[in-house]
Each structure stands twice: as C-alpha cells, then as structure tokens.
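Below is one structure, written out as structure tokens; comments come after it.
Computed from the coordinates by the stated procedures, all read-outs in this text should not be read as laboratory data. None of these values were measured; they are calculated from a predicted model. Backbone-built Cβ (ideal geometry, glycine too); neighbour counts: all protein chains shown.
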Amino acid sequence: MDFALAEMATQDRYKLMASTILPRPIAWVVSQDKAGTLNAAPYSFFNMVSADPPLIVLGFLGRAGGGLKDSAANIAETQEFTISLVSEDDAAAMNFTCIDAPPEFDEIAAAGLEPRPSAVVAPPQIASAPVSFECRLYETIVPTGSSSSIVLGEVVHMRIDDRFVDADRLHVDGPALGLIGRMHGAGWYTRTGDLFQMSRPVFADYAAAKHQGDDS
Ligand SMILES: Cc1cc2nc3c(=O)[nH]c(=O)nc-3n(C[C@H](O)[C@H](O)[C@H](O)COP(=O)(O)O)c2cc1C
C-alpha cells in the first residue's frame, strides 16, 4: 500500500511514521526556564546526527492545545539542556515524566528521581541514568505553517557511569547500559539486548574473491 504523506492529516502521518521508524532511542530531556523551574520529559524523535561538530537532533510536536511544549519553550529561553539515556531500571520514572503537567510542575521531584548537577550547563541531569549529555542550542528549525520545531543541540560535555566505560580505550559496554527504545503505538518499548554482529565489507576482499570465482 502506498501513502501520499503530503496529502494526509498530521495525526495520520505521525501514526504511519512513528509505527515504522523503529526502534527509536529516547532522550530524557531536562531543561529549565530563566527562573530555574526544572522540567523533564522523554523525546524519541532523537538521534546523533554529527560528530564534527557533535550534534544531536530533537523533534518537538506542538502542544495539543497550541503553543510549544515546556522542553521546547525552555530550550528557546535558556539555550541549554541535558539529555539522559533511559535504562530499563528507569523506564517507569521516564514514563511518568511524559505527564501533561503545567510548566511549574517539577516532574523530576514528583517521579522520585535525583537530579545530578551538570559540569558546564545549568540544567541538571538524571542521576540514575547510565549516560548523560550536556547540550547547548545550535540551531532551531521551524517548518513554515507548522507547530513543530526541530532542535539541533551541540553536546558540550558527556558523562558515562564508570561501570560501563574503559577510559583508556574509550570502550563502552553498550549492552550493559540496558537501554530501552520506543516502539510502535501507545506505550510499546523494546530492550536492546538481542544482538548480532556483521563485519564491514572491504572492496579488495570482495574483488579478490570474485576474481578467484571467475578463474575456477
Ligand atoms: C517515550 C516517549 C517519547 C516521546 N517522544 C516525543 C517526541 O519525540 N516529540 C514530542 O513532541 N513528544 C514526545 N513525547 C511526548 C512528550 O514527552 C509529552 O508531550 C510531554 O508531556 C512533554 O513534556 P514537556 O511539555 O514538559 O516538554 C514522547 C513521550 C514518550 C513517553
């Protein structure tokens, strides 16, 4: 079946794209307004998009009733935020922080989470998370006629729990992080433990094998 997305309602496009672009990593975004009111919420329109400069992307939909979500409004106001990655141990707390609360509601305290001070940006990070990124706003893209916004953030500092990283080799035990990802529909998630490995092809090996095959 084919779908002409440009002619479809936003909600229907969301449904088709978010049910097929799977799994998605989850950014647990902590931000604050100028007065220092803290905010935490999960965002799965999230990925690393460059290492030079070190950039991540976040996609914010508009609020159901119009206007920016609190995280997007705070980032526009203060230009700083943190992203913590979500392990299965933090899944229930992460899910709580997507509550549709008013801006003054502190999701971190209400979820019973500990904030940990960041090294170089003002917003703290989720202390129990295995990995956190400290980010500064790099660029905001606001599509014409849309209530969505796309934020590029520059990662200015990163923290990995000592248990998961060999600092000399910069080797991170990815599976041990126990991260979860967002799946299709309402409320489905996946674990990241079902792995398989493939080595990258090298053209010289491919050409040599083909040559040998042609000769025999
Ligand atoms: C796992 C998960 C991923 C989500 N991803 C997004 C997303 O990428 N973009 C978005 O606009 N909302 C997303 N949401 C919904 C927001 O988290 C929700 O609207 C939240 O209340 C926003 O909080 P804020 O206004 O404090 O920023 C997601 C919710 C969950 C549970």
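Listed by chain and number, the lysines whose alpha-carbon sits under 21 Å from that of residue 15, ignoring those within fewer than 8 places in the same chain, are 69. Toward the positive end of the charge dipole of segment 5-215, with +1 on the Cβ of Lys and Arg and -1 on the Cβ of Asp and Glu, the farthest Cα among 189, 156, 145 is that of 145.
In nm, what is the difference between 0.36 nm times the number of residues separating residue 157 and residue 209 and their Cα-Cα distance? It would help to have the intermediate numbers written out before the result.
Details: separation 52, 0.36 × 52 = 18.72 nm, distance 4.50 nm.
Using 0.36 nm per residue and subtracting the Cα-Cα distance, I get 14.2 nm.
Between residue 12 and residue 101, the simple spin-label model (points 7 angstrom out along Cα→Cβ) gives 3.7 nm. In this label model, residue 22 and residue 194 are separated by 1.0 nm, measuring between points 7 Å along each Cα→Cβ vector.
Using alpha carbons only, what's the Rg to Rh ratio of the chain with Rh from Kirkwood?
Details: Rg = 20.2 Å, Rh = 19.2 Å.
A ratio of 1.05.
Projecting the Cα positions of 73, 105, 17 onto the charge dipole of the chain (unit charges on Cβ atoms of Lys, Arg, Asp and Glu, taken about the Cα centre) puts 17 furthest along the positive direction.
Let a ≥ b ≥ c be the square roots of the eigenvalues of the Cα gyration tensor of segment 90-192; is it rounded (a/c under 1.5), or, if not, prolate (a/b larger than b/c) or oblate?
Values: a/c = 1.45, a/b = 1.27, b/c = 1.14.
Note, shape of segment 90-192 comes out rounded.
Comparing Cα centroids, segment 34-60 and segment 99-115 end up 18 angstrom apart.
Hey, what number do you get for the chain at 222 nm if only DSSP H runs of n ≥ 4 count, each worth -39500 (n - 2.57), divided across all residues, to the nearest 500?
Values: 5 runs with 41 residues, N = 216.
For the chain, the value works out to -5000 deg cm²/dmol.
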